[in-house]
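Laboratory data are not the source of any read-out in this text; all were calculated from the coordinates shown. Remember, it's a predicted structure, so these values are computed and weren't measured experimentally. So basically every Cβ, Gly included, is an ideal-geometry build from the backbone, and we count neighbours across all protein chains shown.
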């Protein structure tokens, strides 16, 4: 086999490998938007902090 045939065979193997990786990537579950994840986490933490302050106020009012 000539050098060109060897390189062609190697390129065909690489293309097959890349096609397999692309198909695995397309079949993978989709990740949500990073902005949506950030906002969800931020609002959850902010809500828990407000709830904690509210409960602390109730406890202070009862203890007073």
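Determine if the stretch 14-29 includes at least one residue that is within 18 Å of the chain's Cα centre (by Cα) and not in a helix (DSSP H, G or I). Scanning the stretch 14-29 turns up at least one residue that is within 18 Å of the chain's Cα centre (by Cα) and not in a helix (DSSP H, G or I). Would you call residue 63 free of Cβ contacts under 8 Å to residues at least 12 places away in the same chain and more than 23 Å from the chain's Cα centre (by Cα)? Yes; evaluated as a whole, the condition is true for this residue.
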